[in-house]
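Report on the structure given below.
No lab work stands behind these numbers, since they all come straight from the coordinates. Everything numeric here is computed off the predicted structure, so don't read it as measured data. Methodologically, a virtual Cβ is constructed for each residue, glycine included, from the backbone with ideal geometry; neighbour enumeration extends over all protein chains shown.
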Amino acid sequence: MSSNIFNLTANNLQTDLLEPSKNTLFIIDFWADWCEPCKQLMPVLEKIASELVGQVVLAKVNCDEQQELAMQFGIKSLPTVMLFKDGQPIDGFAGVQSESEIRALLDKHLPKPEHALFEQAIAAHQSGDKLAAYPLIKQAIEFDSENKDFKILLADICVDLGKMEEAKQLLSLFKLVDQNAQYHHVVAKLELAEQAADTQEIQALQNSLEESPEDLTIMCQLAIAYHSVKRHDDALALLLKVLKKDLGFADAKKTYLDIIASLPEGDELATKYRRQLYTLLY
């Protein structure tokens, strides 16, 4: 028997059903040995439960042996299947149903993979691990590309990572009716980040580069300054220009690779500039 299938009795009701149901979806199968439809249904439920370990638990109630428990749940016919969560029944059916019908019923109550990714992205974002949060929320959006909560979280993370253009593109998708407090928070955060990304040091280096447009040292210094304020695209573009002129110049290649390594997993910017370096090298 699978680890998530057990016999429910009056003795283990509290410890094995009521308490765990706060975090887990339970399928309760009310059956009896004399009931032929019960014997037809039980293998189907066991098969489904064995494939969903970690997501559901199957609790089997022998109504001949647990008559008081069956009465407590108000069971009037067998077989009866009840979906149970947070200490109470949330759905169910009486009689025999097909495997596909039972799976469809469960799908309505099981957490979707995109919601799990969303929760993981929020946790990573709140803990300060933006590099981990970015690919998680990107994956969630692949499942549900229209979800506004997913998009605003991605925009927020993009601002933290200095991906201003991606943040702007995401924010431009929000209609007036969708522009809630979180939207305005991210817009304000983006504006502040853009102001902070144009420092006096950067302005001075830009002026120096205008005066000496072929000076590779100034280009590298400006690229590092760009990177320090998360203007990664500007930094990599400038370093690529240096490497095209002199592949072995100072620490340009190392800095270029370090910036790519600092970008989140699956970042399109990293893919773009890694490919351009390979073109130079090979």
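Taking H as built 1.01 Å from N, whose amide H comes closer than 5 Å to the amide H of residue 64, not counting residues under 5 places away?
33
Between 126, 140, 83, whose Cα lies farthest towards the positive end of the dipole of the chain when Lys and Arg beta carbons carry +1 and Asp and Glu beta carbons carry -1, centred on the Cα centre?
Ranked along the dipole, the leading option is 140.
Relative contact order for segment 1-82: what is it in percent, counting Cα pairs under 8 Å that are at least 6 residues apart? Walk me through the numbers on the way to the answer.
Working: 109 pairs, mean separation 38.1, N = 82.
Value for segment 1-82: 46 percent.
What does the net charge come to around residue 49 if you take all other residues with beta carbon closer than 14 Å to its beta carbon, with K and R at +1 and D and E at -1?
Values: positive: 47, 60, 103; negative: 29, 46, 51, 99.
Summing Lys and Arg as +1 and Asp and Glu as -1 gives -1.
Among 130, 76, 108, whose mean-square fluctuation peaks in a Gaussian network model of the chain (Cα, cutoff 10 Å)?
76
Send over the per residue convex hull volume for segment 200-281, Cα only, as a whole number of Å³.
78 Å³
Please report the Cα spread of segment 1-141 along all three principal axes, rounded to whole Å, starting with the longest.
For segment 1-141, the Cα spread along each principal axis is 58, 31, 25 Å.
List the relative contact order of segment 200-281 as a percent without decimals, with contacts defined as Cα pairs under 8 Å and 6+ residues apart. Show your work: numbers first, answer last.
Working: 58 pairs, mean separation 16.9, N = 82.
In percent, rounded to a whole number, it is 21.
Go through segment 157-173 residue by residue and turn each phi into a ³J(HN,Hα) via Karplus (6.51, -1.76, 1.60, θ = phi - 60°); whole Hz please, and just put x for glycine and proline.
Once θ is set to phi - 60°, the couplings for segment 157-173 become 5, 4, 4, 4, 8, x, 8, 5, 5, 5, 4, 4, 4, 5, 5, 5, 7 Hz.
Could you work out which residue, out of 270, 225, 261, moves most in a Gaussian network model of the chain, that is, has the largest mean-square fluctuation with Cα springs under 10 Å?
It is 261.
Could you give each residue of segment 117-131 its phi-based ³J(HN,Hα) in whole Hz, using Karplus coefficients 6.51, -1.76, 1.60 with θ = phi - 60°, and x for Gly or Pro?
These are the phi-based 3J(HN,Hα) values: 4, 4, 5, 5, 5, 4, 4, 5, 4, 5, 7, x, 8, 5, 5 Hz.
Once the Cα gyration tensor of segment 109-265 is diagonalised, what are the square roots of 5 times its eigenvalues, in whole Å and ordered largest first, as equivalent ellipsoid semi-axes?
35, 18, 11
What number comes out for the charge environment of residue 34, summing +1 per Lys or Arg and -1 per Asp or Glu over other residues with Cβ under 13 Å away? Display every interim value, and only then the final one.
Numbers: positive: 39; negative: 33, 36, 64, 65.
Result for the neighbourhood of residue 34: -3.
What pairs in 39/85; 39/60; 175/272; 138/168; 175/230; 168/241 have C-alpha atoms more than 19 Å from each other?
Values: 39/85 25 Å; 39/60 12 Å; 175/272 31 Å; 138/168 16 Å; 175/230 28 Å; 168/241 26 Å.
In this structure, 39/85; 175/272; 175/230; 168/241 exceed 19 Å between Cα atoms.
Per residue of segment 32-44, in order, report the coupling 6.51 cos²θ - 1.76 cosθ + 1.60 (Karplus, θ = phi - 60°) as ³J(HN,Hα) in whole Hz, putting x for Gly and Pro.
These are the phi-based 3J(HN,Hα) values: 8, 5, 7, 8, 5, x, 4, 5, 6, 7, 4, x, 5 Hz.
Which residue fluctuates most in the GNM of the chain (Cα springs below 10 Å): 62, 207, 11?
11
With angles folded into 0 to 90 degrees, how steeply does helix 232-245 sit against the dominant principal axis of the chain? Use alpha carbons for both and round to 10.
The answer is roughly 50 degrees.
Could you sort the peptides 149-157, 234-242 by per-residue average Cβ neighbour count (10 Å cutoff), highest mean leading?
On the way: 149-157: 23.0, 234-242: 21.1.
Output ranking for 149-157, 234-242: 149-157, 234-242.
What is the chain's relative contact order, in percent, from Cα pairs under 8 angstrom and six or more apart in sequence? If you can, show how the numbers build up before the last one.
On the way: 335 pairs, mean separation 35.0, N = 282.
Computed over the chain, the figure is 12 percent.
Can you compute the FRET efficiency between residue 262 and residue 184 using 1/(1 + (r/R0)^6), with r the Cβ-Cβ distance and R0 = 35 Å? Round to the nearest 0.05.
Working: r = 29 Å, r/R0 = 0.83.
For R0 = 35 Å, the calculated efficiency reads 0.75.
Rounded to the nearest 5, what % of the DSSP beta bridges within the chain are antiparallel ones? The partial results should precede the final answer.
Numbers: 11 of 21 bridges.
Around 50 percent of the beta bridges assigned by DSSP in the chain are antiparallel ones.
Tell me, how many Å apart are the Cα centres for segment 202-280 and for segment 6-63?
Comparing the Cα centres of segment 202-280 and segment 6-63, I get a distance of 60 Å.
Report which label in [x] 7, 30, 39, 20, 4, 1; [y] 6, 21, 20, 15, 13, 11, 9, 5, 1, 0; [z] 7, 29, 35, 22, 7, 1 holds the value of P(r) over Cα pairs in 10 Å bins from 0, in percent derived from the coordinates of this structure.
So the structure-derived entry is [y].
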